[in-house]
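**Q** Questions regarding the structure given below will be posed in turn.
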Amino acid sequence: MSESALSPAWKRRSLLSLADYHNGAAFNPSHWGEEGLPIIRIEQINNPSAPTDFYKGPLAPQNAVTTGDLIFSWSATLKAVIWRNGDGVLNQHLFKVVPKNGTDKAFLKYVLEQNMENISSGSQGSTMKHITRGELQRYHVEVPKQEAEQRRIAEILSTLDEAIEQTEALLAKHQEIKAGLMHDLFTRGVTSDGHLRPTRDQAPDLYKESPLGWIPKEWEVVSIADAFEIQLGKMLNKLAKTGKCTAPYLGNRAVQWDFVDCMAIEEMDFTPTERQKFSLERGDLLVCEGGDVGRTAMWRGEIGGCYYQKAIHRLRPKSERALPAFMLRFMRYARESGYFREFTSQSSIAHLTQEKLGVMPMLLPKSEEQNRIAERFDAYDELIQNEQTKLTKLRQQKHSLMCDLLTGKVCVRIHGQENTI
């Protein structure tokens with residue numbers, strides 16, 4: 001927006017003219033200790049509960065941080081936050097931002113947040129995002145002249161931030177519960193009345209030892225090859241992309257945990273024999289051979305006539321004893337439990353051979369119980385997806401509102417003025 005196009009109630013200012021930016025101190029291991037004030041680094045900006053070192057010594061006032069201070073991470077991770085976690089000392093690569101008279105702190109936080117990517121695009125670093133005082137001097141923004149209007153804009157945006165934080169907290173809680181539930185479901189299972197079995201301490205007679213630890217007596221442990229047909233995909237090569245007999249296929253990056261990313265589907269040639277061998281049917285499981293080894297998705301027939309390449313193992317149940325929905329969750333449990341690693345070949349690059357995958361043990365409850373376990377996961381997945389959808393909408397709403405409010409496109413009501421918001 002040009003100076004002439006601005007509302008008379010707004011003015012164009014450089015970011016450096018709105019505040020003083022104090023860089024943190026260059027702490028090194030000799031300064032670290034177990035007593036004193038916590039050292040606030042980028043890790044603590046991203047996760048205030050992350051482990052920290054402490055500093056006990058002389059401290060310049062501009063490096064002291066307390067609740068309510070505005071911190072701006074200007075190197076690698078670009079972020080502006082209002083600090084809420086008590087006293088600390090600021091590490092280098094972080095600015096403590098002290099607004100000048102006439103600049104509201106919360107408003108300035110949103111201005112920095114809104115313009116972060118644009119500021120960094122003009123920075124000196126080509127391989128790492130990096131913002132200097134020079135960029136802050138050169139970069140200009142539109143600002144309401146009245147601090148009361150700035151404050152009102154910040155108040156409106158903060159209500160969305162609060163909703164986002166509450167949704168993030170609820171989403172994290174659901175994910176934490178699901179992680180705990182995963183352990184319970186694969187060690188205790190779900191009985192016909194829909195409840196978890198008592199723990200082994202409560203009812204030891206309900207359990208037996210197995211290669212995978214203590215499990216319910218009714219369960220079996222079999223190799224994956226006993227329950228599933230395993231077929232590695234087609235080798236990808238230049239001749240396979242001639243365009244003569246092309247068909248959609250899945251590569252490693254299309255296989256995400258639990259789902260297939262259809263945006264990553266590509267095309268290559270498949271002969272009639274290869275189409276029969278490497279076809280996908282609804283309910284097939286796709287297991288990554290390399291990369292994020294063991295990452296597993298289920299093919300739900302997203303598109304017709306799709307195939308897959310060599311980087312992927314296809315698991316197809318040999319009988320109704322093994323349910324894909326149960327196995328999908330078991331593969332995640334096996335990976336997160338750690339025992340999956342012993343079946344991963346560790347040459348120059350970690351990978352999962354067909355032989356190793358085939359001999360890997362898996363849990364096999366009766367099919368009815370497999371269904372009940374999968375349904376429990378489905379219920380939590382739905383809760384998590386609903387919260388994730390809500391979070392995405394809130395973030396989009398905030399982005400749109402910031403674009404309107406921080407440019408003066410939409411005005412706010414202050415002191416009884418009759419404006420848009």
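**Q** Output yes when any residue across the range 82-89 is closer than 26 Å to Ala169 by Cβ, in a strand (DSSP E or B), free of Cβ contacts under 8 Å to residues at least 40 places away in the same chain and open to solvent by 40 Å² or more (accessible area, probe 1.4 Å), and no when none is. Can you show your working first?
**A** Step one: of the range 82-89, the residues closer than 26 Å to Ala169 by Cβ are 82-88.
Now drop any that are not in a strand (DSSP E or B), which leaves 82, 88.
Cutting the leftovers down to free of Cβ contacts under 8 Å to residues at least 40 places away in the same chain gives us 82.
Subsequent filtering for residues that are open to solvent by 40 Å² or more (accessible area, probe 1.4 Å) retains 82.
Among the residues of the range 82-89, at least one is closer than 26 Å to Ala169 by Cβ, in a strand (DSSP E or B), free of Cβ contacts under 8 Å to residues at least 40 places away in the same chain and open to solvent by 40 Å² or more (accessible area, probe 1.4 Å), which makes the answer yes.
**Q** Mind checking whether some residue in the range 138-159 is at pLDDT below 90 and open to solvent by less than 60 Å² (accessible area, probe 1.4 Å)?
**A** The answer is no; no qualifying residue exists.
**Q** Let me ask something else. Please work out if Glu375 is under 28 Å from Ser279 (Cα atoms) and over 23 Å from the mean Cα position of the chain (by Cα).
**A** yes
**Q** Among the numbered conditions (1) open to solvent by 30 Å² or more (accessible area, probe 1.4 Å); (2) in a helix (DSSP H, G or I); (3) in contact (Cβ under 8 Å) with a residue 40 or more places away in the chain, tell me where Lys173 comes up short.
**A** Here Lys173 meets the rest and fails (3).
**Q** With Gly294, Gly283 as the choices, which residue is open to solvent by 10 Å² or more (accessible area, probe 1.4 Å) and either in a helix (DSSP H, G or I) or touching a helix residue (DSSP H, G or I) at 6+ places or on another chain (Cβ under 7 Å) (or both)?
**A** Going through Gly294, Gly283 in turn, just one is open to solvent by 10 Å² or more (accessible area, probe 1.4 Å) and either in a helix (DSSP H, G or I) or touching a helix residue (DSSP H, G or I) at 6+ places or on another chain (Cβ under 7 Å) (or both): Gly283.
**Q** Considering the range 302-342 alone, what residues qualify as being among the aromatic types (Phe, Trp, Tyr) and farther than 19 Å from Asn252 by Cα?
**A** Phe326, Phe330, Tyr333, Tyr339
**Q** Identify the single condition in (1) in contact with a strand residue (DSSP E or B) (Cβ under 6 Å, 6 or more places away or on another chain); (2) in contact (Cβ under 8 Å) with a residue 40 or more places away in the chain that Arg133 does not satisfy, given that it satisfies every other one.
**A** (1)
**Q** Additional query: For the range 317-363, give me each residue that is among the polar types (S, T, N, Q), modelled with pLDDT of 85 or more and either part of a loop (DSSP other than H, G, I, E, B) or in contact with a Lys or Arg (Cβ under 9 Å, 6 or more places away or on another chain) (or both).
**A** Selection gives Ser319, Thr353.
**Q** What are the residues in the range 24-65 that are within 19 Å of Val98 (Cβ to Cβ) and open to solvent by less than 60 Å² (accessible area, probe 1.4 Å), if any?
**A** Passing the criteria: Gly24, Ala25, Ile40, Ile45, Ala60, Asn63, Ala64, Val65.
**Q** From Glu302, Glu289, grab the single residue that is within 12 Å of Leu232 (Cα to Cα), touching a helix residue (DSSP H, G or I) at 6+ places or on another chain (Cβ under 9 Å) and open to solvent by 30 Å² or more (accessible area, probe 1.4 Å).
**A** Within the list Glu302, Glu289, the selection yields Glu289.
**Q** While we're on this one: Considering only residues that are open to solvent by 60 Å² or more (accessible area, probe 1.4 Å) and assigned to a helix (DSSP H, G or I), look in the range 126-137 and name the one that is nearest to Ala379 (Cα to Cα).
**A** Top of the filtered list is Arg133.
**Q** Please list, ordered by first then second residue, the pairs with beta carbon atoms under 6 Å, 6 or more apart or interchain, first in the range 30-56 and closer than 18 Å to Ile82 by Cα, second aromatic (Phe, Trp, Tyr) and part of a loop (DSSP other than H, G, I, E, B).
**A** Ile39/Phe27
The values are calculated or read from the model by the stated rules, or taken from the named source; none is laboratory data. These figures come from a predicted structure and were not determined experimentally. Cβ: placed from backbone, ideal geometry, glycine included. Neighbour counts: every protein chain shown. Accessible surface areas use protein heavy atoms only, side chains included; no ligands, DNA or RNA. Shrake-Rupley method; radii C 1.70, N 1.55, O 1.52, S 1.80 Å.
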